[in-house]
Amino acid sequence: MKSNIKKSDTDLKRDVLAELKYEPSVKVTDIGVLVKDGTVTLNGYATNYGEKWDAVRAIKRVAGVKAIADDIEVKLPDSQCRTAGDIATAAANQINYSTMIPTGTVSVTVREGWITLEGEVEWWYRKDAAEKAVQYLAGVKGVTNQILIKPTLSPTDVEKAIKSAFERNALLDAFKIQVETTGNRVVLRGTVRNYTEREEAERAAWAAAGVFSVDNQLKVEWSWGLAA
């Protein structure tokens, strides 16, 4: 037997703040938290883009979070301020060092601390690897990932591959997730039990060869209480 008692916004805010304090890469005293109807808004500032990204990632782990609004501003200390040329060189080197990104497939542009990645790869994990390679570099205020993914499978094959991946995945309830494909664009609909499951479904969809767009419309429906 399960209880339908849910977290109040006050309780959720308490848990969010506790999770931020638990994340060693985040300076929680510089970040503000607002909660309304399960939606968490983060404001304040971070000293680098990696800290901002880690703060949002930490909130996704908290039970009861339905949506996140990221209003954190990156304010670089003087010691981390670098020219666009320095950042571009460092970013290009990081991408070239990566064994997951084929040489010559990704280009880097930097403007006022913001990195834009462009190019074409076959798999989503390579697009993701390029972004992760540069997001913690000193002087970076943000990353825009415009890398394209080349289609290699038919829409029918893509849909079958994703559904099979969902069925194999221990974290997902595949029967509650619908997969629709148009060309090499994927739409996910249905319900999931928490934010982590929602992200895992999207990750699994992106992992199919040739997918270059995932519209994640999965809704989080939390279940509370303990089995009696």
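What distance in nm separates the two pseudo spin-label positions at residue 69 and residue 120, each 7 Å out from Cα along the beta-carbon direction?
Here the modelled spin labels are 4.0 nm apart.
Treat each spin label as a single point 7 Å out from the Cα along the C-beta direction, and report the residue 86 to residue 22 distance in nm.
3.7
Is the C-alpha gyration tensor of region 56-114 telling us rounded, prolate or oblate? Criteria: a/c under 1.5 is rounded; beyond that, a/b larger than b/c is prolate, otherwise oblate.
Numbers: a/c = 2.94, a/b = 1.47, b/c = 1.99.
The shape class here is oblate.
Which value, in debye to the nearest 20, gives the size of the charge dipole of the chain about its Cα centre, when Lys and Arg are +1 and Asp and Glu are -1 at the Cβ?
Working: 31 positive and 31 negative charges, 101 e Å.
The dipole magnitude comes to about 480 debye.
Order these peptides, 164-177, 61-74, 43-56, by their mean beta-carbon neighbour count within 10 angstrom, highest first. Show your work: numbers first, answer last.
Working: 164-177: 14.7, 61-74: 16.4, 43-56: 19.6.
Result, highest mean Cβ count within 10 Å first: 43-56, 61-74, 164-177.
Taking 30 Å as R0, compute the FRET efficiency from the Cβ-Cβ separation of residue 10 and residue 47 and round it to 0.05.
Working: r = 29 Å, r/R0 = 0.96.
Once the sixth-power term is evaluated, E becomes 0.55.
Okay, which of region 190-220 sit inside 15 Å, backbone N to the point 7 Å along the Cα-Cβ direction of residue 160?
209
Name the residues whose placed amide hydrogens come within less than 5 Å of the amide hydrogen of residue 215, ignoring near sequence neighbours (fewer than 5 apart) on the same chain.
So residue 215 has HN proximity to 186, 187, 188.
Need one number: % antiparallel among DSSP beta bridges in region 137-228, to the nearest 5. Please list the in-between numbers first.
Numbers: 6 of 12 bridges.
Of all bridge pairs located within region 137-228, approximately 50 percent are antiparallel.
How big is the dipole moment of region 119-196 about its Cα centre under a simple scheme where the beta carbon of each Lys and Arg is +1, that of each Asp and Glu is -1, and everything else is neutral? Debye, nearest 20, please. Intermediate results must be reported in sequence, preceding the final value.
Details: 12 positive and 9 negative charges, 38 e Å.
The dipole of region 119-196 has a size of about 180 debye.
Show me, for region 71-81, the HN-Hα J-couplings you get by feeding each phi into the Karplus relation (A = 6.51, B = -1.76, C = 1.60, θ = phi - 60°), rounded to Hz, glycine and proline as x.
Those phi angles translate into 10, 5, 9, 8, 10, 7, x, 4, 5, 9, 5 Hz.
Among 98, 35, 124, which residue has its Cα positioned farthest towards the positive end of the charge dipole of the chain, with +1 placed on the Cβ of Lys and Arg, -1 on the Cβ of Asp and Glu, and the dipole taken about the Cα centre?
The one lying farthest along the dipole's positive direction is 35.
Share of antiparallel DSSP beta bridges in the chain, in percent to the nearest 5? Walk me through the numbers before you get to the answer.
Values: 18 of 36 bridges.
Roughly 50 percent of the beta bridges in the chain run antiparallel, per DSSP.
Since every read-out is calculated from the coordinates, none of them should be taken as a lab result. None of the values given here were measured: they were computed from a predicted structure. Cβ sites come from the backbone with ideal geometry, for glycine too, and all protein chains shown count toward neighbours.
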